[in-house]
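Shown next, in structure tokens, is the structure this report addresses.
The values are calculated or read from the model by the stated rules, or taken from the named source; none is laboratory data. Note that the structure is a prediction, hence the values are computed from the model and not measured. Cβ placement follows ideal geometry from the backbone for every residue including glycine, while neighbour counts extend to all protein chains displayed. Side chains included, ligands, DNA and RNA excluded: accessible areas come from the protein's heavy atoms. Shrake-Rupley method; radii C 1.70, N 1.55, O 1.52, S 1.80 Å.
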Amino acid sequence: MLEINNLHVSIEEDGTEILKGLNLKIGAGEVHAIMGPNGSGKSTLASVLAGKDGYEITEGSVSFDGMDLLELDADVRAREGLFLAFQYPIELPGVSMSNFLKQAVSSVREHRGLDPLSAGDLLKMMKEKAALVHLDPSLKTRAVNEGFSGGEKKRNEIYQLAMLDPKLAILDETDSGLDIDALRIVADGVNTLRSPDRSFLVITHYQRLLDYIVPDFVHVLVGGKIVMTGGKELALELEEKGYDWIKGDASLAV
Amino acid sequence: MSDNSTELLHKVADSEYKYGFYTDIESDKAKIGLNEETVRFISAKKNEPEWLLEWRLKAYNHFVSLMESEKTPEWAHLTIPKIDLQGISYYSAPKQRPEYESLNEVDPELLNTFKRLGIPVQEQERLVGIVVDVVMDSVSVTTTFNAELDKNGIIFCSFGEAVQKHPDLVKKYLGRVVPYTDNYYAALNSAVFSDGSFCYIPKGVRCPVELSTYFRINESGTGQFERTLIIADEGSYVSYLEGCTAPQRDENQLHAAVVEILAMDDAEVKYSTIQNWYPGNAEGVGGIFNFVTKRGICEGDRSKISWTQLETGSSITWKYPSCILKGDHSVGEFYSVAFTKGRQQADTGTKMIHLGKNTSSTIISKGISAGNSQNAYRGLVRVNRNAENARNFSQCDSMLLGDRCGAHTYPYLEISNPSAKVEHEATTSKVGEDQIFYCKQRGISEIDAIKLIVNGFCKEILAQLPMEFAVEARNLLAIELEGSVG
Ligand SMILES: Nc1ncnc2c1ncn2[C@@H]1O[C@H](COP(=O)(O)OP(=O)(O)O)[C@@H](O)[C@H]1O
Ligand SMILES: [Mg+2]
């Protein structure tokens with residue numbers, strides 16, 4: 001599904017290298033977690049995969065569903081089925097959720113050769129998917145993320161994930177800032193969306209989320225590289241010992 | 001802003017005007033040049049009464065005195081090339097003056113023009129009950145009749161027709177709100193105005209349809225000087241729509257219209273405009289100069305006047321639809337979206353003059369600038385000494401698309417009564433790279449993202465427009481943003 005080989009990424013503006021030879025392979029239907037300390041490059045990886053401007057890829061390759069991902073524009077990646085749940089969702093003043101989703105869903109469906117949804121079907125789908133993460137149906141008239149609480153913003157990301165039916169969903173710290181109830185709602189939503197043809201890359205700083213979304217693999221990202229990979233137990237170990245013991249290892253590895 | 005986004009925005013900003021085409025209808029022009037003869041020629045052509053000719057001549061003499069004392073207006077944020085007033089023809093009318101019962105009898109060229117503009121006139125008429133009075137090259141060539149209007153005693157006709165059929169009303173109100181001495185271009189308009197629209201809503205009548213006029217500038221080199229007069233008598237209501245697009249041409253054209261509105265006790269007038277004159281090519285050559293004087297007076301108590309405008313066209317726009325709040329408890333509103341791109345310059349805003357007691361005004365202005373354009377909001381809120389408890393709320397937001405354009409805000413306050421409460425908010429934002437990326441991550445193309453964001457920015461203004469007009473407005477904004485991409 002996704003294969004990242006020796007990925008090196010620098011900030012375009014000042015040339016600072018953030019990702020320093022990252023390798024990662026995700027199979028169809030698998031759930032991978034990436035954990036790592038703040039500033040280790042988790043969001044950078046998510047942004048680069050999603051096609052955000054401002055980064056320079058100096059080395060390496062990424063293939064997504066057989067395509068050269070790095071060749072595709074961000075909107076095409078999304079239509080091809082790559083979804084990013086933002087760590088900090090962006091506000092779009094005056095743009096209603098329903099308008100936004102209508103545009104997004106129709107762009108995606110057109111690209112995938114699906115018939116456009118009728119207004120009625122779209123509304124039905126919106127209602128159904130919003131219920132998945134306990135979002136109020138009145139949300140559709142509100143502007144995208146504007147005035148949303150922290151928890152609403154995160155649930156809104158999962159809601160959009162459900163609407164756009166991606167092949168690979170990257171969740172960037174979707175758990176941060178959520179209380180335990182909200183965390184459960186989000187995790188339940190995600191678990192409902194797990195399927196053999198949908199992979200997940202769950203980025204998190206804390207192990208907590210992985211109690212609810214149980215991953216097949218856990219990777220540890222430190223200093224722009226994956227320094228350790230294991231099963232779900234690795235998350236618990238990290239929780240217990242912190243990142244410092246690995247950081248030591250990582251500095252040896254460089 | 002990232003290179004890609006910036007590049008796209010520049011492309012958008014440089015995109016060609018899509019409504020450039022001519023309508024080929026024979027016309028009957030005044031000799032080129034401006035002098036007393038011209039004024040007499042126009043008045044005679046239009047078969048006007050003596051008092052109106054005299055009024056025109058007074059305006060002409062006033063204009064001449066302004067010209068001689070070189071009192072041509074100058075504004076901070078506009079660079080206006082010298083306009084050769086002797087180089088234009090001041091009157092042009094289609095040769096025949098047919099009276100049509102229905103649009104089917106209208107010159108197919110004209111209908112074709114509307115089709116290309118994407119305005120299905122007949123459909124609109126049929127579906128939404130709009131009565132369209134088409135002002136094309138100064139003379140109303142077609143007036144669609146609606147029995148509804150007659151039944152209610154509503155007068156809606158060309159200015160010329162009003163002069164013939166309702167001279168008392170015209171004489172009583174012409175120049176009451178905008179005297180010919182008001183400003184340079186108002187003086188010019190008063191001297192040489194060719195036609196326009198006239199509207200009278202009798203006491204207690206709620207006009208059942210939206211009154212709509214499409215203005216077109218059509219003859220090459222013809223100055224267009226329309227005059228609109230709207231009178232809403234006690235307790236009446238009317239919603240008036242003015243929309244315009246102009247054909248492409250090579251030389252700059254002067255458009256100096258005057259609109260006057262009077263609202264008596266408890267009357268309400270909603271005046272909506274879509275302005276889409278030809279803005280010139282990417283270098284700014286050939287666009288329309290749009291110098292308009294629009295003013296309404298809330299003459300009566302509890303009266304209300306709302307101006308809503310979407311300004312996307314013209315190479316230079318100078319326009320301040322204003323309200324004089326004379327009646328107690330009267331209300332003035334100004335809602336504006338001004339979009340500029342290429343080399344366009346817009347200096348627009350409003351004046352709210354509070355005279356009566358307990359008057360209130362609201363100003364919401366949204367400026368969107370792209371390309372190398374300059375977009376300025378200029379607004380005055382004046383509260384006179386006797387205007388107890390005046391209220392004003394002003395909000396001026398600017399959005400920049402790209403990094404070569406400018407947005408400017410000039411709010412002026414003149415408060416002479418301490419009981420006044422005045423609030424002003426202003427913001428300037430760039431269409432964020434983050435916002436565009438967020439949309440793209442959902443599969444939305446960059447151009448669609450920009451459209452969404454800009455539409456969102458203008459939402460509260462577009463919501464003020466009558467429904468079908470709002471749709472047109474949104475389409476127009478989309479076309480403006482589209483450019484060579486998408
Ligand atoms: N656009 C950017 N400009 C400058 N520095 C950046 C940018 N994006 C990320 N960084 C830097 O890259 C490093 C990794 O950041 P990030 O990927 O957000 O880490 P994480 O998500 O793991 O906390 C940090 O030091 C951060 O300051
Ligand atoms: Mg992060």
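Okay, here's what the table says:
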read-out	value
Qualifying residue in region A:18-27 (condition: within 9 Å of ligand 1 (Cβ to nearest atom) and in contact with a strand residue (DSSP E or B) (Cβ under 9 Å, 6 or more places away or on another chain))	yes
Given (1) more than 22 Å from A:Gly223 (Cα to Cα); (2) within 14 Å of chain B (Cβ to nearest Cβ); (3) in contact (Cβ under 8 Å) with a residue 60 or more places away in the chain, number of the condition A:Leu49 does not satisfy	(1)
Residues of region B:332-380 that turn out to be touching a Lys or Arg at 6+ places or on another chain (Cβ under 6 Å) and open to solvent by 10 Å² or more (accessible area, probe 1.4 Å), as a count	5
Of all residues making up region A:156-213, the number that are in contact with an Asp or Glu (Cβ under 7 Å, 6 or more places away or on another chain) and within 16 Å of ligand 1 (Cβ to nearest atom)	7
Test: residue in region A:7-20 that is within 15 Å of ligand 2 (Cβ to nearest atom) and in contact with a Leu (Cβ under 8 Å, 6 or more places away or on another chain)	yes
Count of region A:141-167 residues which are over 15 Å from A:Gly189 (Cα atoms) and within 16 Å of ligand 2 (Cβ to nearest atom)	1
A:Ala33 being touching a helix residue (DSSP H, G or I) at 6+ places or on another chain (Cβ under 6 Å) and away from chain B (no Cβ under 14 Å)	yes
Region B:179-225, subset among the aliphatic types (A, V, I, L, M) and at pLDDT 95 or above, residue least open to solvent (accessible area, probe 1.4 Å)	B:Ile201
Filter pass, B:Ile297 being open to solvent by 10 Å² or more (accessible area, probe 1.4 Å) and within 21 Å of B:Tyr410 (Cβ to Cβ)	no
Top-ranked residue in region A:168-211 [being within 14 Å of ligand 2 (Cβ to nearest atom) and of a type in the set (S, T, N, Q); ranked as nearest to the chain's Cα centre (by Cα)]	A:Thr174
Some residue of region A:25-42 being within 14 Å of A:Leu7 (Cβ to Cβ) and free of Cβ contacts under 8 Å to residues at least 60 places away in the same chain	yes
So B:Lys421, is it basic (Lys, Arg) and away from chain A (no Cβ under 14 Å)	yes
Region B:428-473, subset of a type in the set (Lys, Arg) and closer than 24 Å to B:Asp403 by Cα, residue modelled with the highest pLDDT	B:Lys440
Candidates A:Gly177, A:Gly150 - the one that is within 30 Å of A:Ile4 (Cα to Cα) and surrounded by fewer than 20 Cβ atoms within 10 Å (Cβ to Cβ)	A:Gly177
Region A:212-236: number of residues that are more than 16 Å from ligand 2 (Cβ to nearest atom) and open to solvent by less than 40 Å² (accessible area, probe 1.4 Å)	7
Some residue of region A:71-84 being under 19 Å from the mean Cα position of the chain (by Cα), within 16 Å of ligand 2 (Cβ to nearest atom) and closer than 16 Å to B:Asp434 by Cα	yes
Those strands (runs of 3 or more DSSP E) lying entirely in region A:1-53 with at least 1 residues open to solvent by 60 Å² or more (accessible area, probe 1.4 Å) and of a type in the set (Asp, Glu)	A:2-11, A:17-26
Any strands (runs of 3 or more DSSP E) falling wholly within region B:375-486 and containing at least 3 residues that are more than 21 Å from the chain's Cα centre (by Cα) and of a type in the set (A, V, I, L, M)	B:391-401
Selection status of B:Thr228, at pLDDT below 95 and touching a Lys or Arg at 6+ places or on another chain (Cβ under 9 Å)	yes
Residue that is more than 16 Å from ligand 2 (Cβ to nearest atom), open to solvent by less than 20 Å² (accessible area, probe 1.4 Å) and more than 12 Å from chain B (Cβ to nearest Cβ), where the choices are A:Val105, A:Val62	A:Val62
Residue in region A:66-84 that is more than 9 Å from chain B (Cβ to nearest Cβ), touching a helix residue (DSSP H, G or I) at 6+ places or on another chain (Cβ under 6 Å) and not hydroxyl-bearing (Ser, Thr, Tyr) present	no
Filter result for B:Glu26 (at positive phi, open to solvent by 70 Å² or more (accessible area, probe 1.4 Å) and at pLDDT below 80)	no
Selection within region B:56-65 - surrounded by fewer than 19 Cβ atoms within 10 Å (Cβ to Cβ) and over 14 Å from B:Phe41 (Cβ atoms)	B:Lys58, B:Asn61, B:Val64, B:Ser65
Sole exception among (1) open to solvent by 40 Å² or more (accessible area, probe 1.4 Å); (2) over 21 Å from A:Lys153 (Cβ atoms) for A:Leu69, by number	(1)
Residue in region A:87-95 that is aliphatic (A, V, I, L, M), over 30 Å from A:Asp211 (Cα atoms) and within 10 Å of chain B (Cβ to nearest Cβ) present	yes
Where A:Tyr55 falls short, out of the listed (1) facing chain B (nearest Cβ under 8 Å); (2) in contact with a helix residue (DSSP H, G or I) (Cβ under 6 Å, 6 or more places away or on another chain); (3) not basic (Lys, Arg)	(1)
Residues satisfying the stated conditions in region A:37-70, i.e. within 10 Å of ligand 1 (Cβ to nearest atom), more than 16 Å from the chain's Cα centre (by Cα) and of a type outside the set (S, T, N, Q)	A:Pro37, A:Gly39, A:Asp53, A:Gly54, A:Tyr55
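Every residue, every condition in (1) within 23 Å of A:Glu3 (Cβ to Cβ); (2) modelled with pLDDT of 85 or more, yes or no:
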residue	(1), (2)
A:Leu209	no, yes
A:Gly223	yes, yes
A:Gly230	yes, yes
A:Ala253	yes, no
